[in-house]
1. Which members of the stretch B:173-197 meet the condition of being in contact with a Gly (Cβ under 6 Å, 6 or more places away or on another chain) and either under 12 Å from A:Ser90 (Cα atoms) or open to solvent by 40 Å² or more (accessible area, probe 1.4 Å) (or both)?
2. Starting from residues that are among the aromatic types (Phe, Trp, Tyr) and open to solvent by less than 10 Å² (accessible area, probe 1.4 Å), keep the ones in the stretch C:210-245 and report whichever is farthest from B:Phe196 (Cα to Cα).
3. Does B:Arg53 satisfy the criteria of being loosely packed, with under 13 Cβ neighbours inside 10 Å, free of Cβ contacts under 8 Å to residues at least 60 places away in the same chain and at negative phi?
4. Has the stretch A:49-67 got any residue that is within 7 Å of chain C (Cβ to nearest Cβ), at pLDDT 90 or above, within 16 Å of the chain's Cα centre (by Cα) and not in a helix (DSSP H, G or I)?
5. With respect to the numbered conditions (1) out of contact with any Pro (no Cβ under 8 Å at 6 or more places or on another chain); (2) within 13 Å of chain D (Cβ to nearest Cβ); (3) charged (D, E, K, R), which one is the sole condition not fulfilled by B:Glu63?
6. Take the conditions aliphatic (A, V, I, L, M), modelled with pLDDT under 85 and either over 25 Å from B:Val233 (Cβ atoms) or open to solvent by 30 Å² or more (accessible area, probe 1.4 Å) (or both) and apply them to B:Leu101. Does it pass?
7. Taking B:Arg7 and the conditions (1) without any contact (Cβ under 8 Å) to a residue 60 or more places away in the chain; (2) crowded, with 18+ Cβ neighbours inside 10 Å; (3) closer than 19 Å to B:Cys122 by Cβ, which numbered condition does it fall short on, given that it satisfies the others?
8. Quick check, is B:Lys170 at pLDDT below 85, at the interface with another protein chain (Cβ under 9 Å from one of its Cβ atoms) and open to solvent by 10 Å² or more (accessible area, probe 1.4 Å)?
Amino acid sequence: MMDPATLLAVLETTLSQADADVVESAITGKDLIKAGALMGAGICMGFGAIGPGIGEGFAAGKACEAIGRAPEEAGLLTRTMLIGQAVSESTGIYSLVVALLMLFVVGV
Amino acid sequence: MEHIGERLIWNYFPFTNIPIPGGGVNVLTIFNTLVVMALLWGMMWLGVRKLTRVPGRAQVILESFVGLFDGLVTSSLEYPTRDQNRKFLPLIASLFMFVCLGNFIGFLPTHYFEEPTADINCTMSLGMMAIAIAIYCGVKAKGAGEFFGELLGPMWHQEDATGFAKLAGKASALFFFPLNVIGEVAKVISISFRLFGNIIGGAIIIVVVSTLTYNTFLPIGLDLFFVFFVGTVQAFVFTMLTLTYIAVAIK
Amino acid sequence: MDITPETWNYIGRYVGASLALGLGGLGAAIGMGMAGAEANRAMMKQPSKHSDLLRTMLLGQAVGGSPSIFALVVGLLILFLPVNESTSGMVFASTLIGAGLAVGLGCFGSGVGCGFPAAQACSGVARNPKKSTALTSTMMIGQALAQSPSIFATIVALILLFLPTPSVGIASAGIAIAAGLSMGASALGPGLGSGITAGGAVKGQSDWPQSRSITVRTMMIGQAICDTPAIFGMLVSFIMLFTLQDLEVSIIGFSKVMAAAIAVGIGGIGPGIGCGIVSETSCEASAKKPEHDALMLRTMLIGQAVSQSTAIYALIIALVILFVV
Amino acid sequence: MVTINLTMLVELILFLIFLWGTQRFILTPVLNSMDERNDSIERDIEKAKDDDIQSEELELKYRHEIAVIRRNADEELRAVKQKAMREHSDFLQQERINAETAVEEVRVKAMAMMEAEREAVLAEVPELARLMEAQLTASARISNNGGSH
């Protein structure tokens, strides 16, 4: 494992090799915190969206199957499906809230 | 292609130095909204121009459209009488027409015509209106107490609970209430960004592909898919979601 | 260690080509394997139908193999693209890696997805060999539509390879990788989901062949909605490629684009698959009861729209990261 | 790209105006006309149903009358037919009797003729016998004479 100082040094070398004259200042700890918050928000929302997406798909798929069997109960089944999806979407909303918190509270 | 996703903003009233409050207006969005509405009124006027017992072609089209949405509203809301269902018909029908033609108008080969639905302001205002109407209908159908009581979570209304269980049920509202409120806000965001993202995505793909081919050919296939197919489907999804949110709120 | 631009070129070529060919070929291989396994199972049950089954299987594998061909073309371009002296170095390497990521991940999803309709077509042909022509054409329509995310990914990869990325120092390296990642990862889920949809449609049609047109219509609309996360990913990658001239030239700019790419890219996988599951069952149900197709279509649209909302949250987070923070 | 500004409010107001205008000037007249047509069609259907019932009654009545007429006609026809049959059979009877009488006469006559013939033949029989006996005797005598030699 690299210790943070070496990591910073490597990053600075990379930066200077990329475009030497644009780099003006070294990376500070505040920059790292902000970068970490940004990455954290991205990872949080990205991976947090997988589960609810598939789960809501299952709920809606079963609802479609049930409506195919009993079309006269369509209204009730649609409402049940929406409520089930709303509940399984809560984890997605947690991810959204946490990501927004990271962006606007932690990473400022 | 640096102009991708940018809208023309007027910060001042035309020919003056008076600034427009609220950060200016996206003038092309408003212009295209007016164009779409004028086109829709014109087309519908052809249908209602001379209403006859035996309808002409335009009247047949208009009437079958209205009849389709009448059936849709009736089967979704399931009010007992026809007039109660009919109250929502103008909202649903004009929402679909506006969004659908708004998605199509970017097809016209001038860059003065850009989709009003590819502006987040337009879709957000429609989405907020839809959710506001759903909440209003819910409050009217159930009463404010019951409607907002549902936001406090399932454990708030426990009749048989006593002591600590009851206290815990009441305390759970601290957790559920913000979540449900965020859920309502998320409805607005998801309904409006779905339309916005799909339409602006399609528009940008068409712009990029035609720039890559140096505008030597019009990407007809892409236009057919992104503008007409996705446009119609997304307009229908927007309308159906509005209708379903209202139907869930009143029951 | 001495890192010259030449080293970066080689790193980019090898990593990019291996990503493109490895991931893209892997998906198509899994899909073809599914088709072959189903064909074998069907042949074991009905050995007399072996010629029909063999034809269907080969056709399904041939059409379902085109994502891997996209991956092959882009991979060869990555390996042998002439070096542009002005961008040679780390930015050039990351363009190649970005193109490899885009086409590799995107073709992985579509490649696996194309296996579902091929497998269902094989078992359907074994059950009902007289309807094999109609079944095969439905399978090919489904596979062609399930390949649209991989076509988006190929377009983005070609743009990455042939257009200069915005020159903003280290951030342009980040932009290239991030554009590839957001497009590729977000095309993975929709490709799989469209394939699952097509599989459901082929299964429904093989059981109830008389309602073919309704099944195909439901399938096409379902697949169009499945593609929404891929469109979001493409939107974000185009925004990154064309509009980020004033990105911070620091680690913050780099992590901005990477975070946006991870959010919209990985966030598109789940909703894509979920939408596919919805339209799969709804295709089967509307094939079974074609008289209720309008109701089925409506329920499917609502279910898919709601299960996409997490992809929309991911898009919002990506846009907030790029434009607001 | 995602700037939110005054446009949102303007869009909302524009859409509300559009909604109002569509409801007021388009949908209300169209729905009224559709309802009117539906009502008139329903009325027509009711009327048609009434007419249908009426026509069915009339048809029943006519069918009854036709049945009565047909029954009368049938009876007349049957009577006429019976009469004709009777006359016919009487005539046939008469003819048959006549024919039988004639046949009987002829038969009696023929029988008488046959009897007469038989009588005549029988009368000739003894004469013939005597003749044959004489011939036989003569021939026997000739053979005896010849045999003695």
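The values are calculated or read from the model by the stated rules, or taken from the named source; none is laboratory data. Quantities reported herein were computed from a predicted structural model and do not represent experimental measurements. Quick reminder, even Gly has a Cβ in these numbers, built from the backbone with ideal geometry, and neighbours come from all protein chains shown. Accessible surface areas use protein heavy atoms only, side chains included; no ligands, DNA or RNA. Shrake-Rupley method; radii C 1.70, N 1.55, O 1.52, S 1.80 Å.
1. B:Phe176
2. Of everything passing the filter in the stretch C:210-245, C:Phe238 is farthest from B:Phe196 (Cα to Cα).
3. On the way: loosely packed, with under 13 Cβ neighbours inside 10 Å: yes; free of Cβ contacts under 8 Å to residues at least 60 places away in the same chain: yes; at negative phi: yes.
It is true that B:Arg53 is loosely packed, with under 13 Cβ neighbours inside 10 Å, free of Cβ contacts under 8 Å to residues at least 60 places away in the same chain and at negative phi.
4. Yes, the stretch A:49-67 contains at least one residue that is within 7 Å of chain C (Cβ to nearest Cβ), at pLDDT 90 or above, within 16 Å of the chain's Cα centre (by Cα) and not in a helix (DSSP H, G or I).
5. (1)
6. no
7. Exception for B:Arg7: condition (1).
8. no
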